[in-house]
Amino acid sequence: MKILVVGAGAIGGYFGGRLAEKGEDVTFLVRENRKKQLIKTGLKIKSTYGDVELSPRLLMAGESEEKFDVVMVSTKSYQLTAAIDDIRLHLKEDGIILPLLNGISHMDELIEAFGDEVVIGGLCFIESTLDENGVIVQTSPIHQLVFGERTGKRTPRIERLKSTFEDTKAEFSLSEDINQDMWHKYLFITAMSGLTSLMESSIGPIRNLESGQRVILEFLNEISLIMKKINAPIKEDIANIQFKRINEMNEAMKSSMQRDMEKSMPLEAEHLQGYLLGKAREHNLSVPILETIYTKLALYEKMRK
């Protein structure tokens, strides 16, 4: 399958790079500055699972109308609207869009643009970042990409995609309930990104405090309450499941949002915390921790601009 990865950053660059390392037909759709950097240095991955240096095939918006079987979308949420026209130009008539964004509202945007049948479900679990030289640095034990039909069916195209992803130096997992998986990831990343960014700390020092333990669990319960109110397909005890998971994580774990704050970069606060806060207000739910975190992130964005 011909694969187009939209973005060659910490997410798209890692998973697309691993597929290219394996020998799959991968092209990266990038902006001018990233293209210049990759032409000069190559695509470099430093990982606990082995380093790799590649000279990937690159494409910029408008350079051609080449079509692809699969478009993996790894942009930030605030870049998605601008990327949709580029995606439309390069997607085959029977092509698949595999989104790897955090959150959930991007699914509606993609489905509205391309149709219900085109967009499958996707998410990833990985701690990776770009260093000052554009090298992708991946340090955690987890480097998992999860995908699946939103219907839960094992269709011929999803089986073909599964076959394409096999034997890659990253974990590609086919899910039979990708909708639930995406909501569970949304809950997890909203909590992790919000708490670590609010406290300006990796997760370890936060959870080592008795008060930190209470705040983590209460915040997970707040998010879970909102999701249940809007009939999201989550497990009844998901807050406790994610609480246990957070307590089992490496104490040095930081969220990508916190790393972006440290670099004075834009945040996905509206897409993550803002979306849920809007739903809470619609249903008159009291969510003081979410309100506090959103206020912190909104002030950061105002000061950054």
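A few comments on the model shown:
- Residue that is surrounded by the most Cβ atoms within 10 Å (Cβ to Cβ), among those in the stretch 55-95 that are of a type in the set (Asp, Glu) and assigned to a strand (DSSP E or B): Asp69
- Every residue from the stretch 1-26 that is assigned to a strand (DSSP E or B) and over 19 Å from Leu130 (Cα atoms): Lys2, Ile3, Leu4, Asp25, Val26
- Pairs where the first residue, in the stretch 279-290, is touching a residue at least 40 places away in the same chain (Cβ under 8 Å) and the second is open to solvent by less than 30 Å² (accessible area, probe 1.4 Å) and assigned to a loop (DSSP other than H, G, I, E, B), C-beta under 7 Å, 6+ apart: Ala280/Val287
- Residue pairs whose Cβ atoms lie under 9 Å apart, separated by 6 or more positions or on different chains, with the first residue in the stretch 247-261 and within 16 Å of Ser77 (Cβ to Cβ) and hydrophobic (A, V, I, L, M, F, W, C) and the second open to solvent by 60 Å² or more (accessible area, probe 1.4 Å) and assigned to a loop (DSSP other than H, G, I, E, B), are Met261/Glu200.
- Note on the stretch 168-217: residues that are more than 23 Å from Glu268 (Cβ to Cβ) and either of a type in the set (Asp, Glu) or part of a loop (DSSP other than H, G, I, E, B) (or both) total 8.
- Filtering Ser197, Ser224 for residues that are open to solvent by less than 70 Å² (accessible area, probe 1.4 Å), out of contact with any Asp or Glu (no Cβ under 6 Å at 6 or more places or on another chain) and closer than 21 Å to Asn179 by Cα leaves a single hit, Ser224.
- Among the residues of the stretch 166-182, just one is over 13 Å from Phe15 (Cα atoms), open to solvent by less than 30 Å² (accessible area, probe 1.4 Å) and more than 15 Å from the chain's Cα centre (by Cα), namely Ser175.
- Residues that are among the polar types (S, T, N, Q) and outside any strand (DSSP E or B) were ranked within the stretch 130-151; the one that is surrounded by the fewest Cβ atoms within 10 Å (Cβ to Cβ) is Asn133.
The values are calculated or read from the model by the stated rules, or taken from the named source; none is laboratory data. The structure displayed is predicted, hence computed values, not measured ones. No Cβ is skipped: glycine too gets one built from the backbone with ideal geometry, and neighbour counts run over all protein chains shown. Accessible surface is based on the protein model in full, side chains and every heavy atom, while ligands, DNA and RNA are left aside. Shrake-Rupley method; radii C 1.70, N 1.55, O 1.52, S 1.80 Å.
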